[in-house]
1. With θ set to phi - 60° and the Karplus curve 6.51 cos²θ - 1.76 cosθ + 1.60, what are the ³J(HN,Hα) couplings of the range 56-62 in order, to the nearest whole Hz, using x for Gly and Pro?
2. Name the long-range amide H neighbours of Thr45: under 5 Å, sequence gap of 5 or more, or other chain; modelled H, no Pro or chain starts.
3. If you plug each phi of the range 123-132 into the Karplus form 6.51 cos²θ - 1.76 cosθ + 1.60 with θ = phi - 60°, what whole-Hz ³J(HN,Hα) values come out, in order, with x for Gly and Pro?
4. Full extension from Arg37 to Glu93: what is 0.36 nm times the residue separation minus their Cα-Cα distance, to one decimal in nm?
5. For the range 34-43, in order, what is each residue's ³J(HN,Hα) by Karplus, 6.51 cos²θ - 1.76 cosθ + 1.60 with θ = phi - 60°, in whole Hz (x at glycine and Pro)?
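What follows draws every value from the coordinates through simple rules; no lab data is involved. If you're wondering where the values come from, they're calculated on a predicted model, not measured in any experiment.
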Amino acid sequence: MTWRIKSLRWSITGAILLLIFSAQAQELLELSAGIHRIRAEVVNTDQTRSAGLMYRKSLPANFGMLFVFGQTARHCMWMRNTLIPLSVAFADEQGRIINIEEMLPQTENNHCAAKPAKFALEMNTGWFMNRGIGAGMSLAGINQAPQAR
């Protein structure tokens, strides 16, 4: 085996291990909206927030991604390189939903919080609407989210 093939094999192995360990490093948080349970992957760094759900081809039922922001502000989301349609609920520090936006895949339209928000929870498209969850309702368990870093 030539040194180039060995080097390539080690590079591929390293990349695979990096993907496995980075995927395992994502913290999961149990949330609820009324009677509905949610398992949310927490993203609380600039790097993980900017990647979000990009390139994923599906999202399991009742599974989402919780964005924890460093500052309460009118944050906006977009769908660059995101392959699945999503709904995003913006929430304040107490987990009270401010507004919910529907987002189409692979678009760069801004979807923004109507008021300053500390969190954004992305779920499969229509998840909130199909369960009668809207502005003013609370996301229980959000107080257990780690701080933004």
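1. 7, 9, 7, 9, x, 4, 6
2. Arg149
3. Residue by residue, the range 123-132 yields 9, 4, 4, x, 4, 5, 4, 5, 10, x Hz.
4. Extra length available between Arg37 and Glu93 comes to 18.2 nm.
5. So the J values, rounded to whole Hz, are x, 8, 8, 8, 10, 9, 10, 6, 8, 10.
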